[in-house]
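To start, the structure itself, in structure tokens.
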Amino acid sequence: MDKGRLSKFLSLLLRHNPQAANITLDEHGWADVDRLIAGVKQTGRNIDRDILEEIVASDQKQRYSFNEDRTLIRANQGHSVSVDVELKEQKPPEFLYHGTAGRFLVSIEREGLKPMGRLYVHLSKDIDTAKQVGKRHGIPVVLKIYSGDMYKTGYQFYLSQNGVWLTKNVDVKFFEKIKA
Ligand code: HQG
């Protein structure tokens, strides 16, 4: 199996559905590496410690981390299951960006940005990254987020291990659609 597909399966297990390989995540989102490897093997996929290490090291978005002694692994962000990955609360830059698809705009302009299936709304620090995120859903649209103003009014922001900005929701008054 190619590493891209195996990495997608890891995302599924470590963010959304650990049961798919019969494993569990602890309250901080960690899975036991040996159990993960055994569980993935049981699904008929080819994996071992070296393959796993390579996927983690070469992942373009640095989606996964090991703990210090490399016995545990977790996804850095993107979860739908309720885990606390010990995100650091941080003051955001004045502006952040959210990439979405044109077909969601009517709803977003009515309700604001919501986490939908995940625990947080995902925001990017630059327009290009946001555009790539939006493309995953259709014709990309980029929203400029007034994160500085949000922060001043008490919204909390978190920066994940791999550079994704997260917040619980974004009210309609804190974004505008931009040409990207
Ligand atoms: C949209 C990838 C209707 C939202 C990326 C988005 C990211 C609404 C979609 C990470 C809405 C949710 C997350 C509302 C928000 N009405 N639609 N009120 N509020 N939406 O995939 O941000 O490759 O859960 O705009 O790089 O696209 O997985 O979130 O289009 O960081 O590591 O609902 O996933 O990383 O879609 O992507 P998603 P996302 P990975």
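The values are calculated or read from the model by the stated rules, or taken from the named source; none is laboratory data. The structure presented is a predicted model; accordingly, all values stated were derived computationally and were not measured. So basically every Cβ, Gly included, is an ideal-geometry build from the backbone, and we count neighbours across all protein chains shown. Keep in mind that these areas ignore ligands, DNA and RNA; they rest on the heavy atoms of the full protein, side chains included. Shrake-Rupley method; radii C 1.70, N 1.55, O 1.52, S 1.80 Å.
Between Thr71 and Asp171, how high is the FRET efficiency from 1/(1 + (r/R0)^6) when r is the Cβ-Cβ distance and R₀ = 45 Å? Nearest 0.05. The partial results should precede the final answer.
Values: r = 42 Å, r/R0 = 0.93.
Result of the calculation: an efficiency of 0.60.
Calculate the radius of gyration of the Cα atoms of region 52-159 to one decimal place, then report Dmax, the largest Cα-Cα distance, as a whole number, both in Å.
15.5, 48
List the residues, sorted by chain then number, that are 5 or more residues from Gly29 or on another chain and whose placed amide H is less than 5 Å from its amide H.
For Gly29, whose amide H was placed from the backbone, the distant partners under 5 Å are Asp84.
Tell me, what HN-Hα J-couplings in whole Hz come from the Karplus equation 6.51 cos²θ - 1.76 cosθ + 1.60 at θ = phi - 60° for each residue of region 7-24, using x for Gly and Pro?
Once rounded to whole Hz, the list reads 5, 4, 5, 4, 4, 4, 5, 8, 10, 10, 8, x, 4, 4, 10, 6, 10, 10.
Net charge near Ser147: determine it from the other residues with C-beta under 11 Å of the C-beta of Ser147, scoring Lys and Arg +1 and Asp and Glu -1.
+2
Where only protein heavy atoms count, and the probe is 1.4 Å, what is the accessible area per residue for region 21-133 in Å²?
Computed with neighbouring chains in place, this is 58 Å² per residue.
Reported to two decimal places, what Rg/Rh ratio describes region 69-111 when computed on Cα atoms with Rh from the Kirkwood expression?
On the way: Rg = 16.0 Å, Rh = 14.4 Å.
The Rg/Rh ratio comes out at 1.11.
Starting from the amide H of Gln156, placed 1.01 Å from N in the peptide plane, find each other amide H under 5 Å away whose residue is 5 or more places distant or on another chain.
Excluding prolines and chain starts, which carry no amide H, the hits are Lys168.
With θ set to phi - 60° and the Karplus curve 6.51 cos²θ - 1.76 cosθ + 1.60, what are the ³J(HN,Hα) couplings of region 136-147 in order, to the nearest whole Hz, using x for Gly and Pro?
Each residue of region 136-147 in turn: 4, 10, x, 5, x, 10, 10, 9, 8, 9, 7, 5 Hz.
Take region 3-75, drop everything but the C-alpha atoms, weight them equally and run the Debye formula without solvent; then report log10 I(q)/I(0) at 0.13, 0.26 Å⁻¹ to two decimals.
For region 3-75 at q = 0.13, 0.26 Å⁻¹, log10 I(q)/I(0) is -0.30, -1.42.
Report in % the part of the accessible area of region 73-152 that belongs to carbon and sulfur, leaving out ligands and nucleic acids; probe 1.4 Å.
51
List the relative contact order of region 3-75 as a percent without decimals, with contacts defined as Cα pairs under 8 Å and 6+ residues apart.
Values: 68 pairs, mean separation 22.8, N = 73.
Reported as a whole number, the value is 31 percent.
How many angstrom separate the Cα center of region 117-170 from the Cα center of region 46-98?
17
Please determine, in degrees from 0 to 90 and to the nearest 10, the orientation of helix 33-42 with respect to the longest principal axis defined by the Cα atoms of the chain, where the helix direction is its Cα long axis.
Computed tilt is about 80 degrees.
Read phi for every residue in region 74-89 and hand back ³J(HN,Hα) as whole Hz from Karplus 6.51 cos²θ - 1.76 cosθ + 1.60, θ = phi - 60°, with x for Gly and Pro.
8, 7, 6, 6, x, 5, 9, 6, 7, 10, 10, 8, 6, 5, 8, 6
What size of dipole, in debye to the nearest 20, comes out for the chain about its Cα centre when the only charges are +1 on Lys and Arg C-beta atoms and -1 on Asp and Glu C-beta atoms?
Details: 28 positive and 23 negative charges, 173 e Å.
The dipole of the chain has a size of about 820 debye.
Note the count of lysine pairs whose C-alpha atoms are less than 20 angstrom apart in region 96-178, limited to pairs 8 or more residues apart or on different chains.
25
From Cα coordinates alone, what are the radius of gyration and Dmax values for the chain in angstrom?
17.4, 51
Expressed as a rounded percentage, what relative contact order does the chain have, with Cα pairs under 8 Å and six or more residues apart?
21 percent.
If Lys and Arg each add +1 and Asp and Glu each add -1, what is the summed charge of the other residues whose beta carbon sits under 12 Å from the beta carbon of Glu94?
Net charge around Glu94: +3.
Within region 109-180, which trypsin sites (Lys or Arg not before Pro) sit in a loop by DSSP and count at most 14 neighbouring Cβ atoms inside 10 Å?
Taking region 109-180 and a limit of 14 other Cβ atoms within 10 Å, the loop trypsin sites (Lys or Arg not before Pro) found are Arg136, Lys168, Lys179.
Amide H neighbours of Ala180 under 5 Å, at least 5 residues apart or on other chains, H built in the peptide plane: list them.
Under 5 Å from the amide H of Ala180 lie the amide H atoms of Val142, each far enough along the sequence or on another chain.
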